[in-house]
Every structure is written in structure tokens, then in C-alpha cells.
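Below: one structure, written as C-alpha cells.
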Amino acid sequence: MTLPDRWNGQSVVDIHGFVVESLRGELAGLRDCASVVIENSRANQAIQSRTHAAVLHLIGAPDLGVLLRIIADDLPPLLDVDVGALAVEKAGAVDLFLPDVPRLGVGAVDHLVGCGQPVKLYRDFTDDGAIFGAASGLVRSAALCRLRVEPAGPAALFALGARDPAAFHPGQGTELLRFLSDVVEVCLNRILVTST
């Protein structure tokens, strides 16, 4: 659209200033959108890099004790959370192969994660100590991931907790969490197979 030259006439309304201000507003909005996209991309890249570092720590675990230490001690600072934990539902064989892993009641994983669901994020999470142990009082939000212990083992849970109530919430994407929990599951099953 080509704007007419400015002129002063009694019967003419000058819209030049209005159009210019409107275009400036649109340009500012586009700049803001671009800034948000760039910021989100950087945040996603940082989360992806942290997840890759966590995976490298996990795949090096030679035994259950080291795997549990990595989950509890190494993953929280790498992933910018406060607590990491692994728990399994009670079953006879668990005591033989996973003696140091906290026990959950039968059906607890389905109750916490949802029947057949791989991951559930909680904005408000309260733990009685069954999952996060002594650190349960810190946790305000949590990510709970279902693990399958093979062969035909009990349901298990990989959990991350944060004191920030907004760290995890149901609207977040779970692709990287699912990937990380898959790696934990593979490492756990590898260790169980080599220890039997």
C-alpha cells in the first residue's frame, strides 16, 4: 500500500501516523516472538545436553550399587533437579537381585504413573518417603517414569524430584525423560542379567 503525501485539508483525514505506529507495533511483536523462540531453543539445547551427559554416566555403571549412586548423586546436579531415585514393587525375586532398592506396594507404579503410561509429571507432589527416602521433604514437583524389569520382573519406578514446584508440570514434553528412563531400564536389566 502506498501512502499519500501528508497534506492539510479540511476534509482529509491523515492516517499516515496511525499506519506507521501499527507497523511499529507489529515489528515489536515479531521481535518479541523471535526472542521467545531463540530463548526456548537455547533452553531445549541445554536440557538435551544435560540429558546426554546423564546417559553417559548411566551406561558406564558396572553394577547395581554404582547405578544407584549415579541416579541418587550424579543425575540431580546434571539434570538441575534435587533428588533422583529408583524404586521397585514388592516381589519375591526382587529381594535376591535388588536388595538395596526401596520397595513400593504392589500396584503402586500403576497408581502413581497411570496404568500403561510411561511417564507422569506432577506439579504438586507429596512423598511419604517411599520413593525419595530422607529427601522426600524437599520434593514439591516430580517426574515419575515406569521401568520394566526383565524377565517378567516387578514394576519399577525411576523418579526425579525438585523443590521448585514449577520444575515439573503436566504441560511439559516428556520425550527426553522417556529416553532417559529407557536408558535407566536398559542399564538395570543389563546389570540384573550379568549378576544372575
Margin query: Given the C-alpha atoms of the range 65-180, compute the convex hull and give its volume per residue in Å³.
Written below: 103 Å³
Notebook entry, point to check: If amide H atoms are built 1.01 Å from N in the plane of the peptide, which residues on other chains or at least 5 residues away come under 5 Å of the amide H of residue 104?
Noted result: 88, 89, 90
Margin query: Need one number for the range 123-162: average projected area of the convex hull over its C-alpha atoms, nm².
Written below: 2.9 nm²
Check: Considering every Cα-Cα pair within the range 38-91, what fraction, in whole percent, is farther apart than 14 Å?
Finding: 59 percent
Checklist line | Once the Cα gyration tensor of the chain is diagonalised, semi-axes √(5λ) in Å | finding: 53, 17, 14
Notebook entry, point to check: If you line up the long axis of helix 16-59 against the longest principal axis of the chain, both from Cα atoms, how many degrees apart are they, to the nearest 10?
Noted result: 10 degrees
Check: Helix 175-195 versus the longest principal axis of the chain: what is the Cα-based angle in degrees, 0 to 90, to the nearest 10?
Finding: 10 degrees
Notebook entry, point to check: With every protein chain kept in the model, how would you rank 42, 50, 146, 31 by accessible area, 1.4 Å probe, largest at the top?
Noted result: 42, 31, 50, 146
Item checked: Phi-based couplings in Hz for the range 156-166 (Karplus 6.51, -1.76, 1.60; Gly and Pro marked x) -> 10, 9, 9, 10, 10, x, 9, 6, 6, x, 9
Item checked: Estimated D of the range 23-116 in µm² per second, where Rh is the Kirkwood radius over Cα pairs and Stokes-Einstein applies at 10 °C, 1.306 mPa s -> 95 µm²/s
Next item on the list: Over the range 29-167, give the accessible area per residue in Å² for a 1.4 Å probe, as an integer.
Entry: 53 Å²
Margin query: Connecting C-alpha atoms closer than 10 Å in a GNM of the chain, tell me which of 141, 41, 181 has the biggest fluctuation.
Written below: 41
Notebook entry, point to check: Per-residue HN-Hα couplings for the range 134-148, Karplus 6.51 cos²θ - 1.76 cosθ + 1.60 at θ = phi - 60°, whole Hz, x for Gly and Pro?
Noted result: 5, 8, 4, x, 6, 6, 10, 9, 8, 10, 10, 10, 6, 10, 10
Checklist line | Accessible surface of the chain, 1.4 Å probe, proportion on carbon and sulfur as whole % | finding: 57 percent
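The values are calculated or read from the model by the stated rules, or taken from the named source; none is laboratory data. Owing to the predicted nature of the structure, the values given are computational and were not obtained by experimental measurement. The accessibility values were calculated without ligands, DNA or RNA, using every heavy atom of the protein model including side chains. Shrake-Rupley method; radii C 1.70, N 1.55, O 1.52, S 1.80 Å.
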